[in-house]
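For reference, the structure discussed in these notes is given below.
Read-outs: derived from the displayed coordinates by stated rules, not from any lab. Just so it is clear, the structure is predicted and the values come from calculations on it, not from any experiment. Because the Cβ atoms are built from the backbone with ideal geometry, glycine has one as well, and the counts that use them run over all protein chains shown.
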Amino acid sequence: MRELVVLGTASQVPTRQRNHNGYFLRWDAEGLLFDPGEGTQRQMLYAGVSAASITRIGLTHFHGDHCLGLPGVLGRLNLDRVTHPVDIFFPGEDIDYFERLSQVVPRYPDPGLRPHPIPADGPIPLPDAPFRLEAVALSHRVATFGYLLAEPDGRRMLPDRLSAFGIEGPDVGRLQRAGALALPGGRTVTLDEVSTVRRGQRFAFVMDTRMCSGVEELAQDADMLVIESTFLDSDAALAHEFGHLTAAEAAQVAEAAGVRTLVLTHFSQRYPDLDGHRIEASKYFHGELVVAEDLMRVPVPTRR
Ligand SMILES: [Zn+2]
């Protein structure tokens, strides 16, 4: 079960239709909550996302629309007596803000938060995670990181190749573990001969930024890219002045990077509807385009 649950899609201020940001990525047994803006706890209720399903929390930066829901979510983890550890990662140079946000009310019993202040681009050490998580610096007005979740490549066994060699039963597991298997008669079969690479899936999360190499790096080969598109091209000057993207820029980078499912979000209140974003993005992007709405669920596309 791999899906994105959109909790909120508004930049800067909420509107009647759009809550502040909030994104929950369900990834098998993992639940990653990104950028909980104000009202995230209530949006989780509407979306059927329990606090207990959160295993990691990622903040791209400390502007209010991306983090002011954190105290409520932390309080809820306590109230619901969530006992598993929750990793939380954020730009390290703004650790003061993290400390204030996590201490705005009297200290609860420690909910088992494991803070990871990120100093610079690179992998975030999560020893128990079934994926690699990387932070990539973006270009906004404060320290901002985007995140890449990458599943390691696996192997798909080829039944016809296995049977051609007469390999069956427990021998299949032995071959998978050892990478090779000696057959009676002396022939050694390697894993490459009886399997193909099953490419790991990639999820990328890009919030407030102007176009930069970090956006391109994160988007590359993503099965799903969630990306801010605050403005339309007609307001490109505003986008560049305030460190944001337009729908056209987001779509162009996604198309060049081979993204499969593109999720546009983080919309300015100046647009009463999002038809313009859809029309503009579909000029450049030819994969699955999703213009996010609050409480929408978007499946991560099935493997290639
Ligand atoms: Zn924002």
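Points to keep in mind about this one:
- Residues listed by number, the range 181-203, amide nitrogen under 19 Å from Ser163 label point at 7 Å toward C-beta: 193-196
- Against the empirical 2.2 N^0.38 Å (N residues), the range 59-100 has a Cα radius of gyration ratio of 1.22.
- Judged by the mean number of other Cβ atoms found within 10 Å, the most tightly packed of the peptides 175-182, 88-95, 8-15 leads the ranking 8-15, 88-95, 175-182.
- Our note on the geometry: Cα centres of the range 254-273 and the range 145-184, 38 Å apart.
- Helix-only CD estimate at 222 nm, as mean residue ellipticity for the chain, using -39500 (n - 2.57) per DSSP H run (n ≥ 4): -7000 deg cm²/dmol
- Report note on the peptides 63-72, 163-172, 186-195, 44-53: ranked by the mean count of other C-beta atoms within 10 Å, highest first, their order is 63-72, 44-53, 186-195, 163-172.
- Here the translational diffusion coefficient of the range 1-59 follows from Stokes-Einstein with Rh set to the Kirkwood radius across Cα pairs; for 10 °C and 1.306 mPa s it amounts to 140 µm²/s.
- Highest-first arrangement of 121-130, 141-150, 23-32, 232-241, where packing means the average Cβ count within 10 Å: 141-150, 23-32, 232-241, 121-130
- DSSP bridge orientation in the chain - percent antiparallel, rounded to nearest 5: 55 percent
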